[in-house]
1. Which residue, of Glu350, Glu341, is among the acidic types (Asp, Glu) and either closer than 18 Å to Glu242 by Cβ or open to solvent by less than 60 Å² (accessible area, probe 1.4 Å) (or both)?
2. Inside the range 17-104, counting only helices (runs of 4 or more DSSP H) that do not spill past its ends, which hold 2 or more residues that are assigned by TED's automatic domain parsing to the domain that holds Tyr147, at negative phi and among the charged types (D, E, K, R)?
3. Could you tell me whether the range 262-279 includes any residue that is closer than 24 Å to Thr349 by Cβ, in a loop (DSSP other than H, G, I, E, B) and not charged (D, E, K, R)?
4. I'd like the full set of residues that are surrounded by fewer than 21 Cβ atoms within 10 Å (Cβ to Cβ) and of a type outside the set (Lys, Arg), limited to the range 14-28.
5. Scan the range 363-378 for residues that are of a type in the set (Ser, Thr, Tyr) and within 17 Å of Glu291 (Cβ to Cβ) and report the count.
6. Can you pull out the residues in the range 518-535 that are open to solvent by less than 20 Å² (accessible area, probe 1.4 Å) and at pLDDT 95 or above?
7. Output the number of the condition that Ala378 fails; it satisfies all remaining conditions of (1) farther than 22 Å from Leu236 by Cα; (2) away from the ligand (no atom under 16 Å from the Cβ).
8. Which residue pairs have Cβ atoms under 8 Å apart, sit 6 or more places apart or on different chains, and have a first residue in the range 531-542 that is at positive phi and a second that is surrounded by 13 or more Cβ atoms within 10 Å (Cβ to Cβ) and of a type in the set (Asp, Glu)?
Amino acid sequence: MTFKRFAEHLAGIEAESGRLEIIRRLSVLFAELAPEEWPKAVLLLTGRVAPEFEGLEFGVAEKEAAKALAMALGRDEAELWKEVRELGDLGRVAETELPEHEGGLPLLAVYDQLRDLAEDAGPGSQLRKRERLADLLKSASPLEGLYILRIVTGRLRLGVGEATILEAMAQALLGDRKKRPLLERAYNLTSDLAYVAELALKGEEALAHVQVQVGKPIRMMLAERLPDAEAILKKLGPHLAEYKYDGERVQVHFDGERFWVYSRRIENITHQYPDLLEALRAHLKRPYILEAEAVVYDPDTGELLPFQYVLNRKVKHLTPELIERYPVKAFVFELLYLDGEALIDLPLTERRKRLEAFVPKTERFEPSERRWIESVEALDAFFDLALEVGDEGLMCKRPDGNYEAGKRGFKWVKYKRAAGGRLADTLDLVVVGAWWGRGRRSGTYGSLLVAAYNPAEDRFETVTKVGSGFTDEDLQKVLPERLDPLRRGEPAPRVWALLEPDVWFEPRLVIEVEAQEITLSPNHTCAYGRVKEGRGLALRFPRFLRYRDDKSPEEATTPEEVVELYRLQWK
Ligand code: ATP
């Protein structure tokens, strides 16, 4: 396929808003690809040249891209900026100004050039990137130029999520979009869409046999919630309860030599924990994949400190001083792979046995604290103990449960304390729109329209308007900085809303919100019609708590969970 043809497909997909229509268009595109083009085309659809966990970014700001386009066209940069303001974005300027070319570059050649551009780093790379991009644009026709620029500046916004790509892949390669779960399993185990495409090309057999691999992040298993000890015992029976530590979840991969650490949202955060990795290297020699909660402790008292402290390690240059000031200890709660053997399908009790045989108790890491629970009294007593030592509560786990990558289910149940008069848990929601403020807030955002993510439909469903809990700094500085680049004229394709905010956003920013109650609402689309015909669910008295950069929009709270929280209110 030529990149020109690929770009025509992208334009067609972008013009659609219906999900089924998008899937149909994607599968038409897929059907035209040669086998060797598949993995790369799938990556390009996500606006990347490598899976996200590899962290390979283009590093081309819009300003640089404009310089490259000016070079390619032999035009004055200032003049181009005038056009950018008229047409809305640089891509559109390329589309208007570049001359038509016959034929067109092969898709694979453009991919290779984009990849070279992304990989070019170090001294002088900025200038080289600009030249490479200018060369590529010189041979591009209008539509090609538009999408090349959108891809390299991180602005390809087709409105297709991974779930939709997987479904279209199922349609094109396995003949039925209902076979998405087969592909989803492979994706949950490897987090690598291009690799899943390669497997799917080989057929269902290859997909069914995929296993976890050291170096490729496993999408994390998540917990459901229940209101109290009675409900938990009723659901799980006798089970294993563990302290629920309040730090950062880390998935550590070790191949005998090299380490990879992945965050909850599958970002490579290896550089954040050099001290922990040193401690692990000293004790654990065989290849493994484990999961732990990394918690900062007070070096003077040994006391565990809350989640916010881990954020001090999320800086570009982690200095030895910072590491010393914020030491971490890891509480290991999963062993997913050991020495050539994947353990994820073993029952929890067996995984735990192996974990405890493998992971010793040391100064910088140890197995999570656990207790075998058979009664409500024992569970409550252990819960109180957890709060007393400063943990958030408990994680209750079914003894026969396997590790379900990428799924939230009742094999794990979280048991947290509900603060008086509030919902049992907070929600992580995606900002999809906003209204301008008045009075003290005029000139900035007054309240935000936020949404839950429905993975089955790959869509964002609105659940409330949040206006309280923001500091002056949030309102004056942080929110405009973070939201302005996401603004768009109409609702983003995957957003389903009945309200009309003043501005719409690309669904990117995830915030944690607490609320007093959940009610039925004709204005919100979350779980629409699920509890009552013609009504969605809405949060009352919501309050902003913090930014959740550790979560991708697709990891936001689901409508399913909102329904659960709604029902939990009367327990
Ligand atoms: P979630 O991760 O479920 O989407 P969240 O990030 O808001 O939601 P909670 O739902 O409150 O966090 O709790 C789940 C998290 O608790 C896990 O992702 C993990 O980081 C943490 N955790 C702490 N201790 C444990 C443990 N013993 N077992 C499993 N997870 C634990």
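1. Glu350
2. Output list reads 19-31, 62-73, 77-87, 90-97.
3. No: the range 262-279 contains no residue that is closer than 24 Å to Thr349 by Cβ, in a loop (DSSP other than H, G, I, E, B) and not charged (D, E, K, R).
4. Glu14, Ala15, Glu16, Ser17, Gly18, Leu20, Glu21, Ser27, Val28
5. Qualifying residue count for the region: 1.
6. Matches in the range 518-535: His524, Thr525, Cys526, Ala527.
7. (1)
8. Phe541/Glu517
The values are calculated or read from the model by the stated rules, or taken from the named source; none is laboratory data. The shown structure was predicted, so the numbers you read here are calculated from the model rather than taken from an experiment. When we count neighbours, we look across all protein chains shown, and the Cβ atoms used for this are built from the backbone with ideal geometry, even at glycine. Note: areas computed on protein heavy atoms with side chains; ligands, DNA, RNA excluded. Shrake-Rupley method; radii C 1.70, N 1.55, O 1.52, S 1.80 Å.
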